[in-house]
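Participant: Below is a structure I'd like to ask you about.
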Amino acid sequence: MTRDAVMFKETRTFDQNAKKHLCFQTVICSECQAFENHPVKGARPLPPEPLIKYFQRQGWVMGSSRKHDICPACVKEAAAAKRRDLAKKNGERLTGSGELPPLPHKTAEIIQMNPKEPAMATPQPAPPPRTPSREDKRLIILEIEDHYLGPDRGYSVGITDASLATKLSVPVKWVIDLREEFFGPVVDPEVAILKTNLASMMERLDAHEREGREIRSKLMELKARVAKIGGGQ
Ligand SMILES: [Zn+2]
């Protein structure tokens with residue numbers, strides 16, 4: 001696989017609890033913008049090969065560039081779509097080998113897999129898309145409420161429509177629809193990360209300025225004492 005380390009995004013986030021900066025190599029899903037961090041220990045980021053293996057172990061499909069990575073939730077959804085598609089096909093006529101064709105690498109392609117199949121004598125039409133019950137909606141809204149920080153900030157770090165959908169075992173579309181209707185837009189994770197970094201830098205600047213003022217006042221005090229001892233020279 002020809003893919004070098006710069007193909008991963010490196011991000012820095014200020015950890016409020018540990019009071020220090022954490023560095024990450026970040027992978028971003030090309031389908032749903034979900035992202036996952038690999039913490040960089042010391043000053044040495046992982047080289048591409050082990051980093052790719054690391055994310056693959058977490059369930060990611062790693063593309064030829066960082067524009068083609070797909071998160072575990074989207075991979076799962078693609079596989080489910082694939083199975084539904086295959087089940088439908090098998091219902092119409094038995095396929096020869098019955099073995100799964102290789103998983104294509106983008107959800108979009110999988111969804112439009114079967115465009116030319118004639119609609120002849122379909123014994124079992126595809127089930128209508130499920131719609132959320134009142135209870136589903138309530139649970140989804142509660143979950144979004146827990147993780148959505150506001151229309152300007154979107155979800156908190158690491159949370160996406162897809163991750164909430166996976167957690168609740170509901171279609172991503174339900175989460176997207178309810179989030180759009182009751183909360184606000186998804187904020188680009190890159191922007192959210194930048195904002196977080198900016199906020200922590202502002203915080204550090206404030207701390208430095210406070211420290212500066214303290215040092216100045218101590219210095220002035222010391223100067224006054226020296227002047228006094230020196231007999232007002
Ligand atoms: Zn995804």
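The values are calculated or read from the model by the stated rules, or taken from the named source; none is laboratory data. All values reported here derive from a predicted model rather than from experimental measurement. Protein only, heavy atoms only, side chains kept; ligands, DNA and RNA dropped before computing areas. Shrake-Rupley method; radii C 1.70, N 1.55, O 1.52, S 1.80 Å.
Participant: Please report the carbon-and-sulfur percent of the accessible area for segment 139-233; probe 1.4 Å, protein heavy atoms only, DNA, RNA and ligands left out. Spell out each step's value before the answer.
Facilitator: Details: 3970 of 6570 Å².
Carbon plus sulfur share of accessible area: 60 percent.
Participant: Could I ask something else about it? Suppose we take every Cα in segment 174-217 and form the convex hull; what volume per residue is that in Å³? List each step's numbers first, then the result.
Facilitator: Values: hull volume 3.1 nm³, N = 44.
About 70 Å³ per residue, rounded to a whole number.
Participant: Now a separate question. Quote the accessible area belonging to Glu77 in square angstrom, nearest 10, computed with a 1.4 Å probe and with ligands, DNA and RNA left uncounted.
Facilitator: 80 Å²
Participant: Same structure again: Over the heavy atoms of His21, what accessible area does a 1.4 Å probe trace out, to the nearest 10 Å²?
Facilitator: His21 has an accessible surface of roughly 50 Å² with all protein chains in place.
Participant: Which of the lysines could a cross-linker bridge to Lys89, judged by Cα under 18 Å and excluding same-chain residues fewer than eight apart?
Facilitator: Of all the lysines, those that pass the test against Lys89 - Cα under 18 Å, at least 8 places apart if same chain - are Lys116.
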